[in-house]
Amino acid sequence: MSALDPATDSTRRPFSGRRVRLGDLILQTVAGAAALGTAVLLGLIAYKVAQGAKLSLSTFGLGFITHVGWDPVSFRYGAGSLLFGTAVTSLGALVIATPLAIAIGLFLSELAPAGIRGVATALIETLAAIPSVVIGLWGILVLVPLLHDHVDPVIHSALGFIPLFGPAQYGQSIFAAIVVLTIMILPIIASISRELFLGVPSELKEAALGLGATRWEMVRGVILPYTRSGVAAAMILGLGRALGEAIAVAQVIGAFDSGVSWNLFTTGDTLASKIAVQFLNVGSASELSALFYLALILLVLSLIVNLLAQWIVRRLGRQQRLAT
């Protein structure tokens, strides 16, 4: 239908050209109030965070973003190393989790026997529901010793010539935080991918198989291109979860600002973990304002990630429509 189609126009304007009913009016009012309330709530959160960061904004300016170091004694603060730790842990987790999640989604939607498909799906969704503090506790008691004693030395001996895999000095490390974040975002991306793969029209898959394509060729040529915009959005959603995770990361990363180090086996810190650890132990108004500044940076990053996800979905969706 065209943009001037009466049916389309009446759908966009539900009260146009017909008698207004009380139920429709209530629905319109409630839905509009809910949408407006969401925007107002976001604005209030942003205002409060910006108000709390006002002192640091006036004192450090934008130099706070690039300055490395967090020294409450000399009242010198910076988010440089924390931004670095946030980027490394979040992107590292996304790189590891994405192929695993897509493989899990394909297995549950296309390859798994019917007898285990429901059980495996329930387990994946249960993993997504586990509280982050429980995953962090498991990370401290099980994952960190395992990585430090068995995994980190093997990786260092094989790939130690790469700066990323230097000697393992401590149990808690950036690499442990990456693994924990991978576990946390894996079920999110896998569940969304599974639903996307199930939504691919069976006619397209059967046509590809009927033309002689193998199962892998059908997946590569039909399923993945058809769902790429949704998978990209799922990846961005997982990235947003990784950026904002605080408790689990703080429990396994060491929560020690050691500067910018490319060795993944050293301790580190992120924006969210620094806020979670330091907020209850604030010693001065300047440190409190600096923590609000970190929260403001994290809020802006989250908004950018969400806008990026919407842009990717629309762009890939437009390309898919043009291709078909």
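The values are calculated or read from the model by the stated rules, or taken from the named source; none is laboratory data. None of the values given here were measured: they were computed from a predicted structure. Backbone-built Cβ (ideal geometry, glycine too); neighbour counts: all protein chains shown.
A few points about this structure:
- Residue in segment 260-270 that is in a helix (DSSP H, G or I), modelled with pLDDT of 90 or more and either crowded, with 20+ Cβ neighbours inside 10 Å or within 17 Å of the chain's Cα centre (by Cα) (or both) present: no
- Phe75 being aromatic (Phe, Trp, Tyr) and either surrounded by 15 or more Cβ atoms within 10 Å (Cβ to Cβ) or farther than 27 Å from Leu294 by Cα (or both): no
- Screening Gly136 with (1) surrounded by 20 or more Cβ atoms within 10 Å (Cβ to Cβ); (2) more than 25 Å from Val282 (Cα to Cα) gives one miss only, at (2).
- Filter pass, Phe197 being more than 14 Å from the chain's Cα centre (by Cα), closer than 29 Å to Ala250 by Cα and in a helix (DSSP H, G or I): no
- Test: residue in segment 3-12 that is part of a helix (DSSP H, G or I), out of contact with any helix residue (DSSP H, G or I) (no Cβ under 8 Å at 6 or more places or on another chain) and modelled with pLDDT of 90 or more: no
- Flag if Arg318 is free of Cβ contacts under 8 Å to residues at least 40 places away in the same chain, in a helix (DSSP H, G or I) and surrounded by fewer than 19 Cβ atoms within 10 Å (Cβ to Cβ): yes
- Selection within segment 188-239 - within 23 Å of Val305 (Cβ to Cβ) and of a type in the set (S, T, N, Q): Ser191, Ser193, Thr227, Ser229
- Leu209 being under 29 Å from Gly105 (Cβ atoms), more than 23 Å from the chain's Cα centre (by Cα), among the aliphatic types (A, V, I, L, M) and surrounded by fewer than 23 Cβ atoms within 10 Å (Cβ to Cβ): yes
- Within the set Ala246, Ala285, Ala233, Ala276, the sole residue that is within 20 Å of the chain's Cα centre (by Cα), of a type in the set (A, V, I, L, M, F, W, C), more than 30 Å from Val313 (Cβ to Cβ) and surrounded by fewer than 24 Cβ atoms within 10 Å (Cβ to Cβ) turns out to be Ala276.
- Condition check for Ile223: crowded, with 18+ Cβ neighbours inside 10 Å, of a type in the set (A, V, I, L, M, F, W, C), within 24 Å of Ala128 (Cβ to Cβ) and in contact with a Gly (Cβ under 9 Å, 6 or more places away or on another chain): no
- Residue within segment 200-210 that is touching a Leu at 6+ places or on another chain (Cβ under 8 Å) and in a helix (DSSP H, G or I) present: no
- Residue check, Leu307 part of a helix (DSSP H, G or I), free of Cβ contacts under 8 Å to residues at least 60 places away in the same chain and closer than 22 Å to Arg241 by Cα: yes
- Matching residues, segment 69-93, being of a type in the set (Ser, Thr, Tyr) and either touching a residue at least 60 places away in the same chain (Cβ under 8 Å) or more than 29 Å from Ala285 (Cβ to Cβ) (or both): Tyr77, Ser81, Thr86, Thr89, Ser90
- Test for Gly92: is it closer than 30 Å to Val68 by Cβ and at pLDDT below 90: no
- Qualifying position, being farther than 20 Å from Gly199 by Cα, in contact (Cβ under 8 Å) with a residue 60 or more places away in the chain and in a helix (DSSP H, G or I), among Leu280, Leu243, Leu237: Leu243
- Taken over segment 46-68, the residue count meeting the criterion of being over 26 Å from the mean Cα position of the chain (by Cα) and of a type in the set (Gly, Ala, Ser) is 4.
To keep it simple, each residue is scored yes or no on (1) in a helix (DSSP H, G or I); (2) modelled with pLDDT under 90; (3) more than 18 Å from Gly238 (Cα to Cα).
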{"site": "Ile116", "(1), (2), (3)": "yes, yes, yes"}
{"site": "Ile124", "(1), (2), (3)": "yes, yes, no"}
{"site": "Ile135", "(1), (2), (3)": "yes, no, no"}
{"site": "Gly139", "(1), (2), (3)": "yes, no, yes"}
{"site": "Ile192", "(1), (2), (3)": "yes, no, no"}
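- Test for Phe175: is it within 19 Å of Ser90 (Cβ to Cβ), of a type in the set (Phe, Trp, Tyr) and assigned to a helix (DSSP H, G or I): yes
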